[in-house]
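Shown next, in structure tokens, is the structure this report addresses.
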Amino acid sequence: MTARAQAYDATVTAREQLSEHLVRLTLAGLDGFASTGIPDEWIGLVVPGQFQSRYYTVRSWEPPTGSPRAGGTLVLDVVVHEVGLVTEWASRDIVGDTVVITEAKGSFARPPAARWVLLVGDLTAMPAMARIAESVTDLPVRIWAEVPDDLGGYLPDNADVTWLDPPSEGASRLAEVVEAIDWPDGEGYFWMAGESAQMRAIRKHLMRERRLATSAYDVMGYWRGVKERQPRAVDPGPIWRAGKAAGKTDEEIWADYDKARDE
Ligand SMILES: Cc1cc2nc3c(=O)[nH]c(=O)nc-3n(C[C@H](O)[C@H](O)[C@H](O)COP(=O)(O)OP(=O)(O)OC[C@H]3O[C@@H](n4cnc5c(N)ncnc54)[C@H](O)[C@@H]3O)c2cc1C
């Protein structure tokens, strides 16, 4: 989080275990926070006793009703994996805790001429895929979800979903899935998020083999599959703003983000 990033306090008012690895947190009392309305928008989350943030998708947002000072309510769906700063916190009874969140940013940008939307992702991408599918009511939405839990009912009914089991060992198979896609005809929009190394391979495939225009897809590395605790998290916000100001495409900006996290 940079000194210039807007930050908001919020209180955890509910914690619900949606499935073995997914926990829904309701954060209330957000005074001054505004949603971008972009369906894959994310915020930085700083949990008590920490100064580093981790990034989470805004699964839903209810602006304040009545007095704006009452603050709005934000819902995040958090993956609890083996070991991690937020994972360890979110695995406990945290109702009543105060957290800090940063302003929202989003990158989903479907071209006006798109006739279809394809979404591919792992468990960390589920909140964004659900919200995107909810927001795209005028085009066919096809989803490939590689998740370890039974999340039937999590994605809206308008989406045609293929559920994939993650391999018990080793890397996700999402790169193979993307290479085998039978692409619909005409112009469309492809959105994907998951483990960073996989996402880099997929970007290359889309650019070199499929020769998609960069405006036709967004592929984002949401987490890094390294064994040790992440040395630091890099806030996508400033990289996003700098990239936009420099006239870069979303693809170029996400590649910059991956590079910054590798440094
Ligand atoms: C724009 C954006 C939106 C995101 N939205 C969501 C969201 O809605 N929900 C969500 O759960 N995550 C989301 N993520 C991913 C999340 O920020 C990372 O998974 C983050 O590293 C989790 O933090 P942690 O404190 O639990 O683990 P960390 O302390 O960051 O990492 C500890 C260890 O766990 C490993 N690790 C990190 N994440 C995972 C994982 N998912 N599975 C297995 N191993 C992992 C790391 O390699 C590291 O070795 C998003 C990321 C971005 C950039």
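Hey, any hits in region 52-71 for a residue that's in contact with a Lys or Arg (Cβ under 7 Å, 6 or more places away or on another chain), modelled with pLDDT of 95 or more and of a type in the set (A, V, I, L, M)? Within region 52-71, not a single residue is in contact with a Lys or Arg (Cβ under 7 Å, 6 or more places away or on another chain), modelled with pLDDT of 95 or more and of a type in the set (A, V, I, L, M). In region 87-105, of all residues being among the hydrophobic types (A, V, I, L, M, F, W, C) and part of a strand (DSSP E or B), the one that is farthest from the ligand (Cβ to nearest atom) corresponds to VAL100. Scanning region 1-16 for residues that are modelled with pLDDT under 95, among the hydrophobic types (A, V, I, L, M, F, W, C) and surrounded by 13 or more Cβ atoms within 10 Å (Cβ to Cβ) returns MET1, ALA5, ALA7.
Please give the number of the condition ALA175 fails out of (1) away from the ligand (no atom under 15 Å from the Cβ); (2) surrounded by fewer than 18 Cβ atoms within 10 Å (Cβ to Cβ); (3) more than 28 Å from ARG241 (Cβ to Cβ). Result: ALA175 fails condition (2) only.
For region 118-127, does any single residue satisfy the condition of being part of a loop (DSSP other than H, G, I, E, B) and at pLDDT 95 or above? For region 118-127, residues part of a loop (DSSP other than H, G, I, E, B) and at pLDDT 95 or above: absent. Pairs meeting the criteria (first residue in region 240-255 and hydroxyl-bearing (Ser, Thr, Tyr), second residue in a helix (DSSP H, G or I), beta carbons under 8 Å, at least 6 apart or on different chains) are THR249/THR214; THR249/SER215. The single condition among (1) closer than 19 Å to ALA125 by Cβ; (2) within 14 Å of the ligand (Cβ to nearest atom); (3) surrounded by fewer than 14 Cβ atoms within 10 Å (Cβ to Cβ) that SER168 does not satisfy is (1).
When region 149-166 is filtered for residues that are among the small types (Gly, Ala, Ser) and touching a residue at least 24 places away in the same chain (Cβ under 8 Å), only ALA159 remains.
Please count how many residues of region 153-200 are assigned to a strand (DSSP E or B) and farther than 22 Å from GLY106 by Cβ. Number satisfying all stated conditions: 5. Among the residues of region 62-86, those that are outside any loop (DSSP other than H, G, I, E, B), within 13 Å of the ligand (Cβ to nearest atom) and surrounded by fewer than 21 Cβ atoms within 10 Å (Cβ to Cβ) comprise VAL75, LEU85. Tell me, which residue of region 242-251 that is part of a helix (DSSP H, G or I) and modelled with pLDDT of 85 or more is surrounded by the fewest Cβ atoms within 10 Å (Cβ to Cβ)? Among them, the one singled out is ALA245. Of the residues that make up region 131-148, is at least one surrounded by 18 or more Cβ atoms within 10 Å (Cβ to Cβ), in contact (Cβ under 8 Å) with a residue 60 or more places away in the chain, outside any loop (DSSP other than H, G, I, E, B) and within 14 Å of the ligand (Cβ to nearest atom)? The answer is yes; a qualifying residue exists.
The values are calculated or read from the model by the stated rules, or taken from the named source; none is laboratory data. As the structure is a computational prediction, the values presented were derived from the model and not from experiment. Neighbour counts run over all protein chains shown; Cβ positions are idealised from the backbone, glycine included.
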